[in-house]
Structures are given as C-alpha cells and as structure tokens.
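What follows draws every value from the coordinates through simple rules; no lab data is involved. In this text, all values refer to a predicted model and were calculated from it rather than measured experimentally. Here the Cβ is made from the backbone with ideal geometry for all residues, glycine too, and neighbour counts use every protein chain on show.
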Amino acid sequence: MSGELVLVTGGSGFLGAHCILELLKAGYRVRTTVRSAKREADVLAMIKVGGAEPADRLSFAVADLMSDTGWLQAVTGCDYVLHVASPFPRGVPKHEDELIVPAREGALRVLRAARDAGVKRVVLTSSFAAIGYGKMPPDGRPFAEESWTDPTGKVSAYVKSKTLAERAAWDFIAAEGGRLELAVVNPVGIFGPVLGSDHSTSTEFVQRMMNGAMPGLPRLSFGVVDARDVAELHVRAMTNPVAKGQRFLAVAGDFMTVREMAQTLKTRLGGAAARVSTRQLPDWLVRVVGLFNPDVAQLVTELGKVKNATNAKAVSMLGWAPRSREDALAATGESLIRLGLLKTSK
C-alpha cells in the first residue's frame with residue numbers, strides 16, 4: 001500500500017465513512033467525494049467519532065453523480081476507486097427514475113473517469129437487492145453470487161436501481177473498460193456503529209425500534225452485516241488479484257426475522273432496549289396498512305418469505321471473517337445510545 005491513493009465516492013454516507021476509516025487504518029491515503037464542500041466538516045466529524053485522526057491523509061473533491069463535472073479531477077492520481085455513493089431512499093420516490101438514473105449514470109461516470117485516469121481497479125458497492133428479488137433459488141438453496149434479480153419483475157425502485165446499475169457497470173467493463181478492472185460487493189442490510197446523526201436506512205430501522213416507534217413487527221426477514229466488515233471486504237476486493245471480475249455477497253450469517261432482531265437488541269442491550277417490541281403483527285394488518293402507506297406497500301410482497309444468502313465465496317476466496325449478526329445489531333444500538341440519538345424517557 002505504502003501511501004497509495006484511493007478515491008471513496010460518497011464519503012459523507014454511513015458506509016462511505018466506514019470505508020474511509022478502514023483505508024486509513026490500513027495505511028492508505030484517501031480522497032473522498034462530497035456533493036458540496038459544506039459536507040467536508042460532516043465527514044471529518046464522523047471520522048473523528050470512528051477514532052481516526054487523518055491529518056493530511058484525507059482530502060476532498062466535489063462531484064455529483066448527476067453531473068460529469070469534477071469526476072476526472074477526483075480520480076486523477078488515484079490507484080483505486082471504491083464507488084460507494086448511491087441513492088438509498090427513506091421513502092418511495094415519486095418516479096423510479098429518481099433512483100435508477102443517478103445509480104446507473106453515476107456508476108458509468110465513475111467508471112469512465114477511472115478508466116481515463118489509469119486507475120487499476122474499481123470496487124462497486126452494489127447490493128443484495130441485485131441478487132435476491134423477483135425469484136427464489138431452486139431447491140431452497142441460499143442466494144449466491146450467480147443469482148441476479150429480474151428488474152422487469154415486481155420489484156421496488158431501489159431494487160431495480162441497484163440491479164440496473166450493476167448490470168451497466170459489468171457491460172461497460174466488457175465493452176469499453178480497457179485495462180480497468182472491476183470487482184463488486186453486494187451487501188445485505190448494513191448495521192454496525194453509527195458515526196453521526198445522518199446514518200443509514202438500516203440503522204434507522206434499529207433506531208425506530210429502540211425509540212418505540214414500531215409497536216409491532218411484520219413477518220419479514222433480512223440479512224445482517226456490520227459496516228466495518230463491509231468496508232474491510234471492499235479493501236480485500238480492491239487489492240486481491242483473484243477478485244478481478246468477481247462479485248461478493250456481504251452477509252454475516254443466516255437471515256434474521258425482524259422479531260429475532262428485536263429479541264437480540266433486548267437481550268444484548270437490556271434496559272436500554274426497553275421500548276423494543278417483540279409483538280408480531282398479523283399479515284392482514286400489514287397488508288391493510290400497505291394499501292394506504294407506500295413505504296409499507298414495498299414490503300408486503302416479502303411477507304413470510306424465507307430467504308437466505310451465503311458468504312462462502314468471500315470467506316474462501318478473500319479470507320473474509322465478518323462479525324456475528326448479533327454483534328452488528330448490538331453495535332448499532334450501543335452507538336445510538338452513546339451519541340444520544342435516541343428519544344429520552346419522560
């Protein structure tokens with residue numbers, strides 16, 4: 001590594017900040033993109049909460065996924081790029097293109113600029129959303145990297161955006177990537193220590209449970225992984241020669257039901273998780289709510305589905321060893337408490 005320079009797109013995001021921390025810990029110099037120079041202070045604050053003092057090893061570039069401006073300057077001089085930035089909604093967009101266009105066109109902008117600047121390899125943050133929706137694997141097997149979501153099926157705008165963006169990235173590399181290499185990381189729900197008040201949709205889910213904002217739990221299951229482990233997997237995929245042209249599922253273990261997640265928080269955090277409900281909502285009630293609430297409507301099609309995914313490829317090929325699901329969830333709750341991001345009791 002010896003001071004090699006890595007560009008991390010979207011450094012003001014939850015995973016982007018953890019990628020910066022992992023790279024700094026490993027001795028790299030880091031440049032990160034922000035949409036506005038005003039966000040630089042936010043990034044520095046998160047890095048400090050994460051325990052790093054980057055000094056002159058962290059720099060910034062202003063660039064937006066929706067514009068060509070700034071991308072070539074951002075990647076110039078970089079050895080590697082971690083393309084983490086992508087829209088993740090906290091609600092349903094008015095039109096799916098609000099997510100699809102930035103995700104797909106943003107990925108292509110970064111890849112073009114990286115190719116033109118002579119970058120060695122780009123690691124793209126995709127998602128389990130590009131693997132595990134629309135159809136189930138045969139014989140009840142867990143989802144693996146060879147599976148692809150069908151974007152023409154009944155899937156949400158977010159799922160469609162991640163699938164189309166990753167497909168576009170692979171097509172670009174095959175058709176016009178030149179010497180540029182690509183690897184892809186496909187995380188499930190990303191949890192772990194939050195670094196500030198602006199965190200992720202997944203960690204916000206834990207925050208809502210701990211604030212008592214979820215009086216009942218839908219019959220859903222999710223994959224869980226710690227952001228620190230996802231960041232480490234990005235770095236492994238960035239440097240290991242065998243990762244060229246490969247995608248890697250980032251999941252800590254078997255999927256958990258929402259009820260199991262709630263029970264984990266109560267067991268691990270005790271009284272601090274007193275507001276977390278473990279009451280199961282009946283499916284019919286969730287469906288009725290979904291008729292009037294578009295946020296819930298996205299989840300209705302997943303009610304009762306038993307999904308799973310395997311991390312065998314990342315473990316065997318890259319030596320990845322993630323924390324447990326329980327540790328990832330507990331770390332989320334503990335950080336929310338530590339940073340004062342939960343409602344106080346009256």
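From least to most packed, judged by other beta carbons within 10 angstrom and beginning with the fewest, I190, I131, I100 follow the order I100, I131, I190. Evaluate E = 1/(1 + (r/R0)^6) for D171 and K94, where r is the Cβ-Cβ distance and R0 equals 25 Å; express this FRET efficiency to the nearest 0.05. Once the sixth-power term is evaluated, E becomes 0.35. Compactness of the chain, taken as the C-alpha radius of gyration over 2.2 N^0.38 Å, stands at 0.96.
Counting charges near S221 (Lys, Arg +1; Asp, Glu -1) among other residues having Cβ under 14 Å from its Cβ returns a value of +1. Compactness of the range 1-139 was expressed as the Cα radius of gyration divided by 2.2 N^0.38 Å, which yields 1.10. Each pair of Cα atoms in the range 121-280 enters the Kirkwood radius, and Stokes-Einstein at 20 °C and 1.002 mPa s then converts it into a translational diffusion coefficient of 124 µm²/s. All C-alpha to C-alpha distances of the range 58-214, sorted into 10 Å bins beginning at zero, yield P(r) values of 10, 34, 35, 18, 3, 0 percent in whole numbers. Rounded to the nearest Hz, the phi-derived 3J(HN,Hα) couplings of the range 231-248 under the Karplus curve 6.51 cos²θ - 1.76 cosθ + 1.60 (θ = phi - 60°) are 4, 5, 5, 4, 5, 4, 5, 6, 10, 6, x, 6, 7, 4, x, 10, 10, 9, where x marks glycine and proline.
How far is helix 258-269 tilted off the main Cα axis of the chain, in degrees rounded to 10, range 0 to 90? Once rounded, the angle reads 90 degrees. Going from the fewest other Cβ atoms within 10 Å to the most, the residues C78, C19 appear in the order C78, C19. Put simply, the convex hull of the Cα atoms in the range 1-49 casts, on average, a shadow of 3.0 nm².
For the range 327-335, the Karplus equation 6.51 cos²θ - 1.76 cosθ + 1.60, evaluated at θ = phi - 60°, returns couplings of 5, 5, 5, 4, 4, 4, x, 4, 6 Hz by residue, with Gly and Pro reported as x. Ranking V184, F128, A174 by Cα position along the charge dipole of the range 127-221, where only Lys, Arg, Asp and Glu carry charges on their C-beta atoms, puts F128 farthest toward the positive end.
Packing-based ranking of 330-341, 35-46 yields 330-341, 35-46, ordered from highest to lowest mean Cβ neighbour count within 10 Å. Each pair of Cα atoms in the range 116-178 enters the Kirkwood radius, and Stokes-Einstein at 20 °C and 1.002 mPa s then converts it into a translational diffusion coefficient of 165 µm²/s.
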